[in-house]
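The next block holds one structure in the form of structure tokens; read it before the comments.
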Amino acid sequence: MPVRRLSETTINQIAAGEVIERPASVVKELVENSLDAGAREILVALTGGGRDAIDVVDDGCGMSGEDLVLAIERHATSKLNGDDLVHINSLGFRGEALPAIGSVARLSITSRMRGGEGVGICVEGGIVGELHRAASNQGTRVEIRDLFWKTPARLKFLKRERVESMAAFDVVRRLALAYPEVGFSMSCDQLKPQRWPAGDNESELGERVCAVLGREFADHSVPVSYERDGLKLNGFAGLATYNRSNRLMQYVVVNGRPVRGRSLAGAISGAYRDFIPRGRFPAVALFISLPAHELDVNVHPAKTEVRFRDERLVCAAIVSGLRKALSGAEFRVVDGSSALSHFALSSALPVHRDVSEFSNKFHGQSFEGGVGGPASNLPSSSDEGGQAMFDSSVGETNRWLPAAPPPSHMNDALQHPLGAARAQLHDTYIVTETDRGIIVVDQHAAHERLVYERMKAGRINSIVETQGLLVPAIVDLDPISRERLIGAAKMLSSVGLEVEAFGEAVMVRSVPALLIKADISALLRDVADELAYHKGVEGIEVQINQVLAKMACHGSVRAGRALKPEEMNALLREMEITPGAGQCNHGRPTYISLSLDDLEKLFERR
Ligand code: ADP
Ligand code: MG
């Protein structure tokens with residue numbers, strides 16, 4: 001066939017293939033246009049999952065007749081300053097959305113500028129109608145009908161109506177989060193309509209986050225605030241215990257633009273790595289602002305990805321910002337609402353009060369101070385006496401020996417964030433009294449975390465204490481596990497576990513001192529499984545930490561073991577100076593707390 005130029009309509013349809021993938025992409029382009037037009041109120045309505053109709057109405061600056069005619073032409077935009085692709089302050093800039101939509105759907109736009117006349121134009125499958133007068137409020141109304149009627153192949157790729165509606169909802173949700181000062185209304189025939197009223201000013205961010213991500217997220221998150229080298233990071237970090245099964249609850253806005261991207265997702269996961277079990281994901285709402293020249297927004301037709309000039313800087317800021325926020329949350333009540341509702345349910349007297357109403361307060365309570373540095377940098381204070389405290393090799397009963405003499409005056413202990421141990425119940429829970437209430441600690445979960453942090457710190461500071469076995473242990477394993485362990489022998493020896501091949505079995509010469517009491521064959525099996533899971537998936541550092549976490553489980557005091565008061569108090573004091581002690585290695589809380597206030601309310605004393 002001879003070479004020939006494509007028709008304008010075909011060109012637009014090809015462009016539409018990139019920009020307009022599904023109803024949600026139309027919604028995204030139109031709402032972005034409304035935001036760029038300075039709208040204060042935006043209304044979005046979908047029928048048939050957006051396939052039958054999509055309407056977007058705004059009260060923005062509107063367009064004149066001339067603008068309108070140009071707007072539906074390809075590569076026409078009002079948003080670029082000359083050829084400057086660097087300083088882009090609008091969401092759009094490519095000038096292709098409207099013509100692309102017009103080429104694959106029936107598009108009708110009516111618009112009026114302030115003090116101007118209402119005008120309208122229609123495009124159907126690329127054919128442009130006459131510009132005409134039309135009654136219109138100030139602003140713009142865009143109506144799309146029969147999306148993809150011109151490109152039936154695309155229609156086939158659409159999912160069920162409900163799924164398409166949910167994707168469109170997600171788009172609006174992300175944009176609503178980025179623009180708290182704008183009011184949004186969203187309705188789809190299959191889903192509950194939403195309205196996010198305009199906030200008064202930008203300090204309404206918290207309100208909007210709460211409205212968009214839900215009260216639950218707000219109750220289970222801590223504020224993030226971080227600044228470095230011209231980069232500002234704000235927002236909210238979900239507590240590790242509030243983890244999710246996918247990344248849908250991760251919202252990142254960069255310079256007012258909701259974005260996604262592997263590196264951002266990786267940085268978020270990295271910040272939570274030690275706190276969240278594999279296959280689970282944290283919930284976050286992060287707002288990053290940085291100078292325009294640090295950012296290239298022109299890398300993706302739908303503009304959902306951006307490229308950073310210095311990606312490492314951005315990722316490092318995310319990790320540091322989140323870690324900082326989370327470390328402040330360590331001595332906060334984790335997962336309190338469920339704890340509280342269980343409490344309320346099981347209490348003999350019915351609790352009539354709306355538990356959720358006051359669980360907010362319950363959550364807001366946090367201890368000040370007592371929080372160690374970042375996990376990789378365990379403060380030396382915990383190394384001083386701690387080793388003796390938790391050295392399982394000391395003594396017959398695997399007991400904790402307090403490093404310092406117990407407080408002479410019990411009242412002193414009440415002042416500690418985790419209070420003074422008063423009782424051990426069911427050989428599993430330590431109940432403590434603080435000057436503000438009571439705390440219940442899960443001894444196994446807590447100790448597991450301490451052992452893990454201790455082993456990690458030991459490795460980082462190259463002071464791994466190993467304990468040679470008097471008689472090397474010979475462990476029979478299946479051949480695959482055996483290979484895995486032998487293959488990782490070098491790495492394992494760096495954390496104190498020395499293994500070597502012994503015929504068909506594995507010989508263990510030494511183990512980390514903290515694990516001397518562990519069941520060695522169970523330990524080896526678990527470590528082998530851990531190695532299998534992480535093989536080649538992530539870096540060695542991650543693998544080592546996962547192995548340590550697994551080992552910690554074997555080295556920690558089990559539920560069901562009776563503890564002496566000084567052992568309990570030693571555990572509490574150690575928790576107070578250990579980073580991440582608020583959650584076990586699987587992201588579950590290690591303790592819950594009830595203030596006197598909470599108790600009084602539960603008993604309806606006020
Ligand atoms: P881009 O947004 O990349 O400029 P579009 O095809 O989405 O390209 O829109 C083309 C132009 O139409 C915009 O630059 C803008 O001037 C105008 N326009 C589109 N939607 C609106 C709206 N809701 N209000 C005012 N002007 C609009
Ligand atoms: Mg646009």
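The values are calculated or read from the model by the stated rules, or taken from the named source; none is laboratory data. Source: prediction; values computed, not measured. Cβ sites come from the backbone with ideal geometry, for glycine too, and all protein chains shown count toward neighbours. Note: accessible area is taken over every heavy atom of the protein model, side chains too, but ligands, DNA and RNA are not part of it. Shrake-Rupley method; radii C 1.70, N 1.55, O 1.52, S 1.80 Å.
Roughly how many nanometres apart are two label points built 7 Å out from the Cα toward the Cβ at Asp310 and Arg114?
It is 4.0 nm.
Using only the heavy atoms of the protein chains and a 1.4 Å probe, how would Met186, Met166, Met1, Met491 rank by accessible area, largest first? Mind dumping the intermediate values first?
Values: Met186 5, Met166 95, Met1 225, Met491 25 Å².
If we order Met186, Met166, Met1, Met491 from most to least accessible, we get Met1, Met166, Met491, Met186.
Give me the distance in nm between label points sitting 7 Å out from Cα along the Cα-to-Cβ direction at Leu155 and Asp200, one decimal.
5.1 nm
List the residues, sorted by chain then number, that are 5 or more residues from Val252 or on another chain and whose placed amide H is less than 5 Å from its amide H.
Placed amide hydrogens put Val259, Leu286 under 5 Å from Val252.
If packing is taken as the mean number of other Cβ atoms within 10 Å per residue, what is the order of 543-553, 283-293, highest first?
On the way: 543-553: 22.2, 283-293: 19.8.
Ranked by mean Cβ neighbours within 10 Å, highest first: 543-553, 283-293.
As a quick test, which of the pairs Lys456/Lys564; Lys232/Lys324; Lys490/Lys517; Lys150/Lys303; Lys28/Lys303; Lys456/Lys490 have an alpha carbon distance above 20 angstrom in this structure? Show your work: numbers first, answer last.
Details: Lys456/Lys564 27 Å; Lys232/Lys324 14 Å; Lys490/Lys517 23 Å; Lys150/Lys303 24 Å; Lys28/Lys303 10 Å; Lys456/Lys490 16 Å.
Flagged as over cut-off: Lys456/Lys564; Lys490/Lys517; Lys150/Lys303.
Which Cα, out of Gly266, Ser245, Val224, lies furthest along the positive dipole direction of the stretch 214-327 (beta carbon charges, K/R +1, D/E -1)?
Towards the positive end, the residue furthest out is Ser245.
Where the accessible area of the stretch 214-327 is counted over protein heavy atoms with a 1.4 Å probe, how much of it, in %, is carbon and sulfur? Walk me through the intermediate numbers first.
On the way: 2200 of 4740 Å².
Of the solvent-accessible surface of the stretch 214-327, carbon and sulfur hold 46 percent.
Over the stretch 507-606, what portion of Cα pair distances is larger than 18 Å, expressed as a whole percent? Display every interim value, and only then the final one.
Values: 3173 of 4950 pairs.
That tail contains 64 percent of the Cα-Cα pairs.
Enter the accessible area per residue of the stretch 8-196 (Å², integer; probe 1.4 Å; all protein chains in place). Walk me through the numbers before you get to the answer.
On the way: 8650 Å² over 189 residues.
I get 46 Å² per residue for the stretch 8-196.
Give me the mean projected area, in nm² to one decimal, of the convex hull enclosing the Cα positions of the stretch 1-127. Mind showing how you got there, number by number?
Numbers: hull surface 37.3 nm².
Averaged projected area of the stretch 1-127's Cα convex hull equals 9.3 nm².
Quote to one decimal, in nm, the extra length available between Val471 and Arg145 on full extension: 0.36 nm per residue of separation minus the C-alpha distance between them.
On the way: separation 326, 0.36 × 326 = 117.36 nm, distance 7.89 nm.
Residue separation times 0.36 nm, minus the Cα-Cα distance, leaves 109.5 nm.
Put Ile474, Ile318 in order of accessible area, largest first, 1.4 Å probe: what do you get? Don't jump to the answer; show the numbers that get you there.
On the way: Ile474 85, Ile318 0 Å².
So, going from the largest accessible area down, we get Ile474, Ile318.
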